[in-house]
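Peer 1: To start, I am sharing the structure in question, which I have written as structure tokens.
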Amino acid sequence: MGVSPGRAVGPVVHLGSTVEEPARGRALAEGARVAEVARLRAAATRVAGELETRAAAARGEARSILMATALMARDPALLDPAVAAIADRGTAAPRAVWDAAAEVAQTLEALGGRIAERTADVRDVRDRIVAVLTGQVLGGVPERADPFVLVARDLAPADTATLDPATVVALVTEEGGPTSHTAIIARSLGIPAVVAATGALGIPEGTVVLVDGATGEVRRDPDAATVAAVAAEAAAARPARLAAPGATRDGHPVALLANIGDARGATAAAEAGAEGVGLFRSEFLFLDRTDAPGRAEQVEAYRAVFAAFPERKVVVRTLDAGADKPLPFLTADAEENPALGVRGLRTARRRPEVLDEQLAAIAEAAAAETAQVQVMAPMVATLEEAREVVARCRAVGLESAGIMIETPAAAIRADDLLAAVDFVSIGTNDLTQYTMAADRMIGELADLNDPWQPAVLQLIADVGAASQRTGTPVGVCGEAAADPLLAVVFVGLGVGSLSMTPRALSAVGEVLASVSRADCVRIAAAALAASTAADARAATASALGAISLG
Ligand code: PEP
Ligand code: MG
């Protein structure tokens, strides 16, 4: 499934590639064996030390996993047989630890159940020790001078956030869905990406592949003509700047805003012509942090974003931790269903001071810049929560306080909630996953995670109607806002602003400028009347096609 458009060609590099099985080789001379044992012990100690350092910096489940793996690197059950193989038979250290690990893994597997799951730790430790012994680099996003296509099972948000589009020309993952944060970040970086690509890990490193992030195609060994065509596309693919402020053909304004995660993104968004920021995902600043960031650091980070949009609107979302974006200092250690757990605004139940500190930092940064700062909270489900957000914002002098509509509960009770806040923004990514009860991270369920689903469109229509009744402005900031067809539908349903990855701004702006507000209302009615997602999309596309044909 293609989730970030664009085509790229490059050799495959696997994320955290595993090491090759070491050759058996000839037996070491007796005189060399003591030194080889010392080499093995030093490598194992180094691996254990590195894992312990990473564990100390982590929390919750990640910490326990890293601690358990570190223990394994010091475990005599693994090291003793390897030492014996070196000393008695002259086996080289990489091969000795490889064989010892195979035996430990076999024993664990025979025990079954949860113990058997630890074989993955054994292999991980084995690979790390062999990597140290043979001078290979393991783990994380590889750093290369030449461009490559990164292939992985999945990417942690912190990994994806640090990708360099100059070298990572495309992403292919076996897991993930269209609204996973991997997909979102890939889109914002403009890196073509394909997710849910079963079998991708089986493509050997170095194989040259063509990745089409629009169609989802991953093709091995593309022909020379295709490679040349892709290179030409890349040269021409500078995203077009938004030509004019968003409006329908008859002049009904629709603010076209950007989704960003940091100051760099804000600058890029301003360059792309965004009228402001509709979603500043503030948690992206702190994904790799183990402690809550201090006030001064936050103020500086927010000011840098506000400075990119003088006198323009910037909507800051308060920390949205949890589910696929764990923040160790905020989120619960282990939850059976993290998407339904203590995430978003709910983390303030346990740590209200973190929210208040963030709000105070936003207020301080807003006072020092000229951007029109608005603040909204994610994952609101009740009127009490909405009221609380407003009260906390007012307490630090923030004038515009809103909420995201991401839960069906909030959409169903839109009249009450909208009356209590200054504005709302529909997070279609989460609203879709919760309405359809389909985890947005699971590629297999992508057909359900589709904002065209009638149930999702109906809830958005209800929020739009509540906006007309209460006069509270409603925007959309989920990925759906970047789809030009859906943008038209949303405007017809009463949505007044659309916030998206900056690359999508000009395409959405162009389509909006081609229709009147009355067209949008009519098209939205047709989409809403459809009984399936496919019919809703088809009805919209054919209505728009008829308009463009005049
Ligand atoms: C959403 O859920 O639509 C949204 C914009 O928030 P996020 O994708 O960061 O969860
Ligand atoms: Mg969300």
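The values are calculated or read from the model by the stated rules, or taken from the named source; none is laboratory data. Quantities reported herein were computed from a predicted structural model and do not represent experimental measurements. Counting neighbours? That spans all protein chains shown, and the Cβs are built from the backbone with ideal geometry, glycine included. Ligands, DNA and RNA are stripped out before the accessible areas are found, and what is left, the full protein with its side chains, is counted by its heavy atoms. Shrake-Rupley method; radii C 1.70, N 1.55, O 1.52, S 1.80 Å.
Peer 1: Six or more apart or on different chains, Cβ under 7 Å: which pairs go from a residue in segment 465-491 that's in contact (Cβ under 8 Å) with a residue 40 or more places away in the chain to one that's open to solvent by 10 Å² or more (accessible area, probe 1.4 Å) and of a type in the set (Lys, Arg)? Could you list them?
Peer 2: Matching pairs, first to second residue: Leu485/Arg537.
Peer 1: Given (1) part of a loop (DSSP other than H, G, I, E, B); (2) within 16 Å of ligand 1 (Cβ to nearest atom); (3) buried (at least 21 other Cβ atoms within 10 Å of the Cβ), identify the lone condition not met by Phe309.
Peer 2: It is condition (2) that Phe309 fails.
Peer 1: Quick check on segment 400-441: of everything there that is free of Cβ contacts under 8 Å to residues at least 24 places away in the same chain and open to solvent by 30 Å² or more (accessible area, probe 1.4 Å), which residue is nearest to Ala323 (Cα to Cα)? So that I can check it myself, show each step before the final result.
Peer 2: Residues of segment 400-441 free of Cβ contacts under 8 Å to residues at least 24 places away in the same chain: 436-438.
Checking which are open to solvent by 30 Å² or more (accessible area, probe 1.4 Å) leaves us with 436-437.
Details: Met436: 17, Ala437: 14 Å.
Among those that are free of Cβ contacts under 8 Å to residues at least 24 places away in the same chain and open to solvent by 30 Å² or more (accessible area, probe 1.4 Å), it is Ala437.
Peer 1: Right, here's the next one. Which residue, of Ala87, Ala55, Ala44, Ala32, is modelled with pLDDT under 90, more than 30 Å from Ala446 (Cα to Cα) and among the aliphatic types (A, V, I, L, M)? Before the answer, list the steps.
Peer 2: On the way: Ala87 fails: modelled with pLDDT under 90; Ala44 fails: modelled with pLDDT under 90; Ala32 fails: modelled with pLDDT under 90.
That would be Ala55, the only listed residue that is modelled with pLDDT under 90, more than 30 Å from Ala446 (Cα to Cα) and among the aliphatic types (A, V, I, L, M).
Peer 1: Something else: So which of Ser467, Ser542 is closer than 20 Å to Met376 by Cα and either among the hydroxyl-bearing types (Ser, Thr, Tyr) or touching a strand residue (DSSP E or B) at 6+ places or on another chain (Cβ under 7 Å) (or both)?
Peer 2: Numbers: Ser542 fails: closer than 20 Å to Met376 by Cα.
So the residue among Ser467, Ser542 that is closer than 20 Å to Met376 by Cα and either among the hydroxyl-bearing types (Ser, Thr, Tyr) or touching a strand residue (DSSP E or B) at 6+ places or on another chain (Cβ under 7 Å) (or both) is Ser467.
Peer 1: Please go through segment 243-297 and pick out each residue that is open to solvent by 10 Å² or more (accessible area, probe 1.4 Å) and assigned to a helix (DSSP H, G or I).
Peer 2: Of everything in segment 243-297, those that are open to solvent by 10 Å² or more (accessible area, probe 1.4 Å) and assigned to a helix (DSSP H, G or I) turn out to be Ala263, Arg264, Gly265, Thr267, Ala268, Ala270, Glu271, Phe284, Leu285, Arg295, Ala296, Glu297.
Peer 1: Arg303 passes all but one of (1) within 16 Å of ligand 1 (Cβ to nearest atom); (2) basic (Lys, Arg); (3) out of contact with any His (no Cβ under 7 Å at 6 or more places or on another chain); which number fails?
Peer 2: The single condition Arg303 does not satisfy is (1).
Peer 1: Just to be sure before I move on: is Thr198 of a type outside the set (Asp, Glu), in a helix (DSSP H, G or I) and either open to solvent by 20 Å² or more (accessible area, probe 1.4 Å) or within 16 Å of ligand 1 (Cβ to nearest atom) (or both) in the structure I sent?
Peer 2: Values: of a type outside the set (Asp, Glu): yes; in a helix (DSSP H, G or I): no; either open to solvent by 20 Å² or more (accessible area, probe 1.4 Å) or within 16 Å of ligand 1 (Cβ to nearest atom) (or both): yes.
Spelling it out, it is not the case that Thr198 is of a type outside the set (Asp, Glu), in a helix (DSSP H, G or I) and either open to solvent by 20 Å² or more (accessible area, probe 1.4 Å) or within 16 Å of ligand 1 (Cβ to nearest atom) (or both).
Peer 1: What about Glu369, is it at pLDDT 90 or above and either within 16 Å of ligand 2 (Cβ to nearest atom) or open to solvent by 50 Å² or more (accessible area, probe 1.4 Å) (or both)? Give the derivation first.
Peer 2: On the way: at pLDDT 90 or above: yes; either within 16 Å of ligand 2 (Cβ to nearest atom) or open to solvent by 50 Å² or more (accessible area, probe 1.4 Å) (or both): no.
Answer is no for this residue.
Peer 1: Look through segment 372-382, keep the residues that are within 16 Å of ligand 2 (Cβ to nearest atom) and of a type outside the set (Val, Ile, Thr), and return whichever of them is surrounded by the most Cβ atoms within 10 Å (Cβ to Cβ). I'd like the intermediate steps shown before the answer.
Peer 2: From segment 372-382, those within 16 Å of ligand 2 (Cβ to nearest atom) are 375-381; that's our starting set.
Add one more test, that the residue is of a type outside the set (Val, Ile, Thr), and what stays is 376-379, 381.
On the way: Met376: 29, Ala377: 27, Pro378: 26, Met379: 24, Ala381: 19.
Filtering first and then ranking leaves Met376.
Peer 1: Would you check which residues across segment 375-387 are within 14 Å of ligand 1 (Cβ to nearest atom) and assigned to a strand (DSSP E or B) and list them?
Peer 2: Going through segment 375-387, the residues within 14 Å of ligand 1 (Cβ to nearest atom) turn out to be 376-381.
Listed by number, the residues that qualify are Met376, Ala377.
Peer 1: For segment 330-350, give me each residue that is closer than 15 Å to Ala292 by Cβ and part of a helix (DSSP H, G or I).
Peer 2: Hits for segment 330-350 are Thr347, Ala348, Arg350.
Peer 1: Kindly establish whether Leu486 is surrounded by 24 or more Cβ atoms within 10 Å (Cβ to Cβ) and in contact with a Gly (Cβ under 9 Å, 6 or more places away or on another chain). Talk me through it step by step, then tell me what you get.
Peer 2: On the way: surrounded by 24 or more Cβ atoms within 10 Å (Cβ to Cβ): yes; in contact with a Gly (Cβ under 9 Å, 6 or more places away or on another chain): no.
Criteria not met by Leu486.
Peer 1: Could you say which residue among Arg394, Arg346 is within 13 Å of ligand 2 (Cβ to nearest atom), open to solvent by 10 Å² or more (accessible area, probe 1.4 Å) and of a type outside the set (A, V, I, L, M, F, W, C)? Steps first, please.
Peer 2: On the way: Arg394 fails: within 13 Å of ligand 2 (Cβ to nearest atom).
Selected residue: Arg346, the only one of Arg394, Arg346 that is within 13 Å of ligand 2 (Cβ to nearest atom), open to solvent by 10 Å² or more (accessible area, probe 1.4 Å) and of a type outside the set (A, V, I, L, M, F, W, C).
Peer 1: Right, here's the next one. For segment 502-522, which positions are part of a helix (DSSP H, G or I) and open to solvent by 40 Å² or more (accessible area, probe 1.4 Å)?
Peer 2: Applying the first criterion (part of a helix (DSSP H, G or I)) to segment 502-522 yields 502-513, 517-522.
Within segment 502-522, Arg503, Ala507, Glu510, Ala513, Arg517, Ala518, Val521, Arg522 meet the criteria.
Peer 1: Let me ask something else. What do you reckon, is Asp356 more than 20 Å from the chain's Cα centre (by Cα), among the acidic types (Asp, Glu) and either buried (at least 19 other Cβ atoms within 10 Å of the Cβ) or in a helix (DSSP H, G or I) (or both)? Before the answer, list the steps.
Peer 2: On the way: more than 20 Å from the chain's Cα centre (by Cα): yes; among the acidic types (Asp, Glu): yes; either buried (at least 19 other Cβ atoms within 10 Å of the Cβ) or in a helix (DSSP H, G or I) (or both): yes.
Yes: the conditions hold for Asp356.
Peer 1: Report yes if some residue within segment 528-536 is among the acidic types (Asp, Glu) and in contact (Cβ under 8 Å) with a residue 60 or more places away in the chain; otherwise report no. Break it down stepwise before answering.
Peer 2: Taking segment 528-536 and keeping what is among the acidic types (Asp, Glu), we get 535.
If we keep only those that are in contact (Cβ under 8 Å) with a residue 60 or more places away in the chain too, we end up with none.
No; the residues of segment 528-536 include none that is among the acidic types (Asp, Glu) and in contact (Cβ under 8 Å) with a residue 60 or more places away in the chain.
Peer 1: Yes or no: segment 362-374 includes at least one residue that is among the β-branched types (Val, Ile, Thr), in the same structural domain as Ala437 (by TED's automatic domain parsing) and either within 14 Å of ligand 1 (Cβ to nearest atom) or not in a loop (DSSP other than H, G, I, E, B) (or both). If you could, list the steps in order and put the result at the bottom.
Peer 2: Restricting attention to segment 362-374, the residues satisfying the condition of being among the β-branched types (Val, Ile, Thr) are 362, 370, 373.
Those still in the list that are in the same structural domain as Ala437 (by TED's automatic domain parsing) too: 362, 370, 373.
From the residues that got through so far, the ones that are either within 14 Å of ligand 1 (Cβ to nearest atom) or not in a loop (DSSP other than H, G, I, E, B) (or both) too are 362, 373.
Yes: one or more hits.
Peer 1: For segment 523-536, how many residues are closer than 21 Å to Val254 by Cα and surrounded by 16 or more Cβ atoms within 10 Å (Cβ to Cβ)? Before the answer, list the steps.
Peer 2: Of the residues in segment 523-536, the ones closer than 21 Å to Val254 by Cα are 523-528.
Subsequent filtering for residues that are surrounded by 16 or more Cβ atoms within 10 Å (Cβ to Cβ) retains 523-524, 526-528.
The total comes to 5.
Peer 1: I'd like to check something: does segment 519-539 contain any residue that is closer than 25 Å to Ala269 by Cβ, of a type in the set (Gly, Ala, Ser) and at pLDDT below 95?
Peer 2: Narrowing segment 519-539 to residues closer than 25 Å to Ala269 by Cβ: 520.
So of that shortlist, the ones also of a type in the set (Gly, Ala, Ser) come out as none.
For segment 519-539, residues closer than 25 Å to Ala269 by Cβ, of a type in the set (Gly, Ala, Ser) and at pLDDT below 95: absent.
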